[in-house]
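Here is the structure we will look at.
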Amino acid sequence: MNYQNYILPHIWNLKPYSSARDEFKGSEGVFLDANENPIGSGNNGNNWNRYPDPMQLAIKAKLAIIKACSTDQIFLGNGSDEAIDLVMRMTCDSQKHNIIICPPTYGMYEVSASINNVAIQRVNLTNDYQLDVNGILAAINENTRLIFICSPNNPTGNKLARKDIYTILNQYHTGFVIIDEAYIDFSDETSFIQELKQFPQLIVLQTLSKAYGLASLRLGMAYANQELVKLLNKIKPPYNIGGATQEIVLEALNNTAFVKQSIDLIQVEKNKLVDEFSKIPQVIRVHPTQANFLLVNFEKAQALFDYLIDEKVITRNRSNVSLCENSIRVTVGLPNENALLIEKIKSFYL
Ligand SMILES: *Cc1c(COP(=O)(O)O)cnc(C)c1O
C-alpha cells in the first residue's frame, strides 16, 4: 500500500511543529529552552512545571511488551476520541471523501465525521448484530477512506465475526480499516494488533478507559503501521498527553493484577445479571455480550429508563436507536449496585 495515495497531500507534506523537548532529549541539564516556570507548581506534591515527553516513550515501552508489538506501532491519544479525529483529519477531504460506519455502533465515529464535515455512509448491522459484509463491499467507492468496525460492538456488546472482518481487510485496500477494540479485554477474542504486518491499511484502537480503570486520565491507543504512526505524531498537538497522566499510567500499567481482578469480577457480576434478567418476565431479550455491559430488550423500556433515573439508577437508553428498539444498555457495576438495579426494575414492573 502506497500511503501517499490515501493521506491528504497537505498532511503528507506538513512540516511538524518542533517543540523544545523534541530538540533536546536528555533529562540532565539547565533547562532554559521552553519558557517554563523554574520554581515549580502551586500544588502540594509533585511539580508539574516542566513540559512532558511529547512522544510518551516510557509508556510506549511498557505497552509494547504488554501488547507484543513495537513502540513505533503505537500512537497515544487524549482518549481514543483524539485518535479517531486525527485519523479522520489525516485521510478525509470534506469535499470529496466518505467513511463507512455500521450502526448501531459507537457514536463518536459519526460525530467526528460531522465535525470534520465528512460524508457518512451507514451500512447497518444485520438483525443479529453482525456485519453486513456484502452491504459494506457494495458501499465502498473510490472516495471511501475509512471503514469503522467496533468489536466487541458498543452498544450491542457482541463481537463481530472475525471471518467477516478478514473479508473486508482482504477486499478493501484503498483506504483504512479501523477496528475499535475498546472492550477487547473483556472478550475471548484476540486482538488484531498481531495482524498489522499482514494488513497495512489496518488501524486498531484500544483504550485505558474501560478494563484498566483510567477513564478520567484520557488515554487511548492507536496501533498501526509505523509510517501511519509517524503521520499521526506529526499532526497531534505536541503535548497531547499530560505529564500527570503519563506518570499515573506508567504506574498503573505495572498493576496487571488489578486489571485481571476487575475483569474477573465483572464477568461474575455479568453472569449474575444475565441470570436475574432471565427471571424477569418483562425482559424480552438479553443480548449476548463480550463486553462489560449488557443490552437488554425490555417491555416499556422508555418508562423503565425514566423510572430508574427517578430512583437515581442511571442507565443508557438506546430505545431510539435503530435496531435497539426498547433496549437499555447497562454497565456491569459493583455487586450492590447491580442488586439495586435488579430490585428497582422488579419494583417498576410490580
Ligand atoms: C468507551 C469507548 C471508547 C473509549 O474512548 P476513550 O476516548 O478512550 O475514553 C472507544 N470506543 C468505544 C466503542 C467505546 O465504547
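The values are calculated or read from the model by the stated rules, or taken from the named source; none is laboratory data. Note that this is a predicted model, so its numbers are computed, not measured. Here the Cβ positions follow ideal geometry from the backbone for every residue, glycine too, while neighbour counts run over all protein chains shown. Accessible surface is based on the protein model in full, side chains and every heavy atom, while ligands, DNA and RNA are left aside. Shrake-Rupley method; radii C 1.70, N 1.55, O 1.52, S 1.80 Å.
Structure notes:
- Shape of segment 178-313, Cα gyration tensor, a/c cut at 1.5: prolate
- For Pro103, the shell of other residues with beta-carbons less than 15 Å away shows a net charge of -2, using +1 for Lys and Arg and -1 for Asp and Glu.
- Cβ-based net charge around Phe24, under 13 Å, with every Lys or Arg adding one and every Asp or Glu removing one: -2
- Among Met221, Met88, Met108, the largest mean-square fluctuation in a Gaussian network model of the chain, built with springs joining Cα atoms closer than 10 Å, belongs to Met108.
- For the pair segment 20-45 / segment 56-129, the C-alpha centres are spaced 33 Å from each other.
- For the chain, leaving out every one of the trypsin sites (Lys or Arg not before Pro) that falls in a DSSP loop and has at most 11 other Cβ atoms within 10 Å, the longest unbroken run is 26-196.
- Net +/- balance of residues flanking Ile280 in space, Cβ distance below 13 Å, scoring K and R +1, D and E -1: +1
- When both segment 285-318 and segment 209-237 are represented by their alpha-carbon centers, they are found 31 Å apart.
- Of all aspartates and glutamates in the structure, the ones whose alpha carbon falls short of 15 Å from that of Lys260, not counting any fewer than 8 places away in one chain, are Asp185, Asp188, Glu269.
- With protein chains left intact and a 1.4 Å probe, residues in the chain average 48 Å² of accessible area per residue.
- Relative contact order %, the chain, counting alpha carbon pairs below 8 Å whose residues are six or more apart: 17 percent
- 0 to 90° range, to nearest 10: angle between helix 57-67 axis and the chain longest Cα axis: 40 degrees
- If you sort the three axes of the alpha carbon gyration tensor as a ≥ b ≥ c, you get a/c of 1.5 or more for segment 18-145 and a/b above b/c, which makes it prolate.
- On segment 102-240, 48 percent of the accessible area sits on carbon and sulfur atoms, based on a 1.4 Å probe.
- Surface accessible to a 1.4 Å probe, His97 within the full protein complex, Å²: 10 Å²
- Look at the dipole of the chain built from charges on Cβ: of Asn297, Leu273, Phe199, the Cα furthest out on the positive end belongs to Phe199.
- The chain shape via C-alpha gyration tensor axes, a/c threshold 1.5: oblate
- Within the chain, percent of DSSP bridges classed antiparallel, to nearest 5: 55 percent
- Here the chain is assigned +1 on the Cβ of each Lys and Arg and -1 on the Cβ of each Asp and Glu. Its dipole about the Cα centre then comes out at about 240 debye.
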